[in-house]
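Some notes on the structure that comes next.
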Protein chains: 2
Amino acid sequence: MKLRSVKGNDLCEVTSINTERVASVRRRMKPEGTIHRLSETFKVLGDPTRVKIIFALSQEELCVCDIANLLGTTKSTVSHQLRILRNMRLVKYRKEGKMVYYSLDDRHIENLFDEGLRHVEEM
Amino acid sequence: MKLRSVKGNDLCEVTSINTERVASVRRRMKPEGTIHRLSETFKVLGDPTRVKIIFALSQEELCVCDIANLLGTTKSTVSHQLRILRNMRLVKYRKEGKMVYYSLDDRHIENLFDEGLRHVEEM
DNA sequence: GTAACAGTTGAGCAACCATTCAACTATATG
DNA sequence: CATATAGTTGAATGGTTGCTCAACTGTTAC
């Protein structure tokens with residue numbers, strides 16, 4: 001009969017690991033803040049609606065209604081996603097009367113976006 | 001008193017939009033499959049645990065136990081995430097006795113990863 | 001003033017997801 | 001054979017998230 005798992009048994013604390021290799025990687029490991037910002041950046045791009053919005057804005061400055069029309073969705077949905085992109089400083093906006101025009105605010109993100117596009121288009 | 005919202009009222013079907021600009025973007029819009037694969041690719045990178053794993057494997061070939069030790073988490077957690085990376089063809093593995101050594105399987109993903117790293121480190 | 005429209009926002013909901021736990025396979029060792 | 005270790009896997013769980021709906025703000029036009 002198998003013994004019940006001891007807590008921490010799964011943690012590889014004292015078992016045979018390549019301590020040297022692990023230590024070497026640990027030294028070079030990026031700080032927690034960098035990891036967090038990096039994964040957050042990728043996460044924002046990890047949604048088809050936001051991908052479409054970013055692609056659209058990389059081509060033209062557009063108002064919320066334009067984007068909603070383009071994607072075949074509601075202004076509400078677009079507005080919610082634009083808020084996320086705004087919080088991440090990926091888009092900026094400009095008010096003109098009752099219209100709000102959005103455009104990309106981050107040249108870096110276009111490089112990242114294009115690199116991703118190149119990745120999936122070479123398959 | 002405000003009238004109840006009519007269904008589709010939010011869809012911008014007949015309202016004043018920049019039809020020309022929208023049509024131009026629509027022509028250039030990437031196909032649905034490309035959008036989907038692109039957002040899926042970014043989504044995989046949108047988790048701190050997977051980011052750490054990918055960074056680690058970009059430095060060294062490592063077994064599951066090494067990675068778990070490095071991240072201070074369990075083999076189970078690492079194994080679950082490695083399965084996702086395996087399904088996306090981002091990592092490959094090599095068995096040696098009861099050990100399983102993982103390494104990156106996609107040169108493109110390193111470019112994408114580095115581009116993201118450059119993005120967050122210039123802030 | 002009222003009406004219409006662009007856009008925002010919060011609540012609610014359903015789907016998704018990362019981790020934990022437990023059980024399992026497989027290999028190595030005695 | 002039994003035991004220990006490396007790794008995988010399925011179920012359960014708690015947290016997250018994207019969309020919908022309804023109500024709201026603000027601006028333009030009448």
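Only one of the listed residues (B:Ile109, B:Ile54, B:Ile67, B:Ile84) is under 30 Å from A:Ile54 (Cβ atoms) and either within 13 Å of DNA strand D (Cβ to nearest atom) or touching a Ser or Thr at 6+ places or on another chain (Cβ under 7 Å) (or both). That residue is B:Ile84.
The residues of region B:67-123 that are small (Gly, Ala, Ser) and touching a residue at least 40 places away in the same chain (Cβ under 8 Å), listed by number, are B:Ser103, B:Gly116.
Flag set for A:Glu110, criterion: under 16 Å from the mean Cα position of the chain (by Cα), open to solvent by less than 80 Å² (accessible area, probe 1.4 Å) and more than 16 Å from A:Gly46 (Cβ to Cβ).
The set of residues in region A:60-75 being more than 11 Å from DNA strand C (Cβ to nearest atom) and surrounded by 17 or more Cβ atoms within 10 Å (Cβ to Cβ) consists of A:Glu60, A:Leu70, A:Leu71, A:Thr73. Residues of region A:26-35 that are assigned to a helix (DSSP H, G or I) and open to solvent by less than 100 Å² (accessible area, probe 1.4 Å): A:Gly33, A:Thr34, A:Ile35.
Based on this model, can you work out whether B:Lys75 counts as within 20 Å of A:Arg27 (Cβ to Cβ) and of a type in the set (Lys, Arg)? Taking the combined requirement at face value, the residue does not satisfy it.
Of the set (1) within 22 Å of A:Met123 (Cβ to Cβ); (2) open to solvent by less than 10 Å² (accessible area, probe 1.4 Å); (3) of a type in the set (A, V, I, L, M), all apply to B:Leu104 but (2). Is it fair to say B:Gly46 is at pLDDT below 95, within 13 Å of DNA strand D (Cβ to nearest atom) and under 30 Å from A:Cys63 (Cα atoms)? Considered against the rule, which asks whether it is at pLDDT below 95, within 13 Å of DNA strand D (Cβ to nearest atom) and under 30 Å from A:Cys63 (Cα atoms), B:Gly46 comes out as no.
Collect the residues in region B:33-72 that are over 16 Å from the mean Cα position of the chain (by Cα) and at the interface with another protein chain (Cβ under 7 Å from one of its Cβ atoms), keeping them in residue-number order. Matches in region B:33-72: B:Ala56, B:Gln59, B:Glu60, B:Leu62, B:Cys65, B:Asp66, B:Ala68, B:Asn69, B:Leu70.
The values are calculated or read from the model by the stated rules, or taken from the named source; none is laboratory data. The structure displayed is predicted, hence computed values, not measured ones. Cβ atoms come from the backbone with ideal geometry, glycine included; neighbour counts cover every protein chain shown. Protein only, heavy atoms only, side chains kept; ligands, DNA and RNA dropped before computing areas. Shrake-Rupley method; radii C 1.70, N 1.55, O 1.52, S 1.80 Å.
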